[in-house]
1. Specify the residue that is least open to solvent (accessible area, probe 1.4 Å); the eligible residues are those in segment 169-184 that are in contact (Cβ under 8 Å) with a residue 60 or more places away in the chain and under 30 Å from SER251 (Cβ atoms).
2. Which numbered condition trips up ARG250, out of (1) at pLDDT 95 or above; (2) buried (at least 18 other Cβ atoms within 10 Å of the Cβ)?
3. Just to check your reading of the model, which residue among VAL320, VAL342, VAL316 is open to solvent by 20 Å² or more (accessible area, probe 1.4 Å) and more than 14 Å from ALA28 (Cα to Cα)?
4. Could you say whether any residue in segment 32-51 is of a type in the set (A, V, I, L, M), open to solvent by less than 20 Å² (accessible area, probe 1.4 Å) and closer than 12 Å to ILE75 by Cα?
5. Taking segment 277-306 on its own, how many of its residues are open to solvent by 10 Å² or more (accessible area, probe 1.4 Å), of a type outside the set (S, T, N, Q), over 14 Å from LEU334 (Cβ atoms) and not in a helix (DSSP H, G or I)?
6. Looking only at residues in segment 111-146 that are of a type in the set (Asp, Glu) and exposed (fewer than 15 other Cβ atoms within 10 Å of the Cβ), which one is nearest to LEU191 (Cα to Cα)?
7. Can you find a residue that is crowded, with 16+ Cβ neighbours inside 10 Å, in a helix (DSSP H, G or I) and either basic (Lys, Arg) or free of Cβ contacts under 8 Å to residues at least 40 places away in the same chain (or both) anywhere in segment 215-227?
8. What are the pairs with Cβ atoms under 8 angstrom where one residue, in segment 327-354, is under 21 Å from ILE94 (Cα atoms) and the other, located anywhere, is acidic (Asp, Glu) and modelled with pLDDT of 95 or more? Sequence gap at least six, or different chains.
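The values are calculated or read from the model by the stated rules, or taken from the named source; none is laboratory data. Remember, predicted model here, so these are calculated numbers, not experimental data. As a convention, Cβ positions derive from the backbone with ideal geometry for all residues, glycine included, and neighbour counts pool all protein chains shown. Please note that ligands, DNA and RNA were not included when accessible areas were found on the heavy atoms of the full protein model with its side chains. Shrake-Rupley method; radii C 1.70, N 1.55, O 1.52, S 1.80 Å.
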Amino acid sequence: ASRRSTVVFAQAAPGEPPAKLEPILVRAAKGLPTERPPAWMMRQAGRYMQEYRDLATKHPSFRKRSETTDLIVEITLQPWRAFQPDGVILFSDILTPLPAIGIPFEIDDYKGPVLEKPIRDAEGLKMIHKLDLGMLPFVGESLKILRHEVGDSAAVLGFVGSPWTLATYIVEGGSSSTYKTIKSMTMTQPLVLKAILEAVADAIGEYVGFQIDAGAQCVQIFDSWGGQLPPHMWEEWSKPYINIVVDKVRSTHPGVPLTLYANGSGGLLERMATTGVDCIGLDWTIDMEDGRRRVGNKSVQGNVDPAVLFAPPEAVEKAVRDVVRKAGPTGHILNLGHGVLVGTPEENVKVFFDTARKCVYPVE
């Protein structure tokens, strides 16, 4: 790793006080030098925490928990108070903006998301309208409060679903294990599917900007089901619409780093690196050293196997150090390769973050 690890400070204009150093996570996402790898975890607020389970007992509706400002803020801050991660990600859901473009959904305790009116033909397209941010006040309010609460101690992170991933729910009517309806649409109803993807991409680009205006300092795009596509289909059905989102954000908020994560993306890494994002999230099935080489000069995020957190503390420490060493001393955000698993011991989450703080470059 020839990447140098000196720390640079932002330059202030003559006559102005020295500019503040950006949060360590933002610097790493931009590929700037940091003294250690910043760390956060996907799904770091959630069911593995007793504090969250207690709150969920009092407020059993997931929609209420993820769409009520006070609850969003409280849940988001639970892991920050417990573990001091370098990134504090908004407690929300990738489907949250769908009602604001005319697509209602419900969350079933057993089935997960349910969309009563999936869109599969030209008639269904009439449901979709321009993004109505007035339906999402809790997102903006929560991000503003979080920036105030967290201050300079961590970066506030926003997130969105990619157009393809959101379209899988819009077309399938909920979660799927095969994606056969939307995949067949690429051949039987390509114009309808492209219209869905374009409308969603336009809305998501605006939604990212809304999150940034409210306080998000870095935004992650989850192409969660992009890895379900063969690479040539991902090039046609996911990448162009991620590009629309990225281009829209770059035109309005050029300095804010974007991360792209796709589960099962081992066959897509080189392609993901051409979307214009700053950072590529790697899942745990990819060797960090190999992944780093394959994405070129992009920053990387990941990629400890979430199952390692069920092992003894020394195994967690070893896994963290292995990933950090392979990633090199610049442009790496330490994370899991997927979300925290339900049942993960909280004490091992603490070991993960404590080890990350000890990984001062160069890591042996």
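1. This residue is ILE170.
2. Unmet for ARG250, out of (1) at pLDDT 95 or above; (2) buried (at least 18 other Cβ atoms within 10 Å of the Cβ): (2).
3. VAL342
4. Yes.
5. 5
6. This residue is ASP121.
7. No, segment 215-227 has no match at all.
8. Once the first residue is under 21 Å from ILE94 (Cα atoms) and sits in segment 327-354, its partners that are acidic (Asp, Glu) and modelled with pLDDT of 95 or more give LEU336/ASP305; GLY337/ASP283; GLY337/ASP305; HIS338/ASP283.
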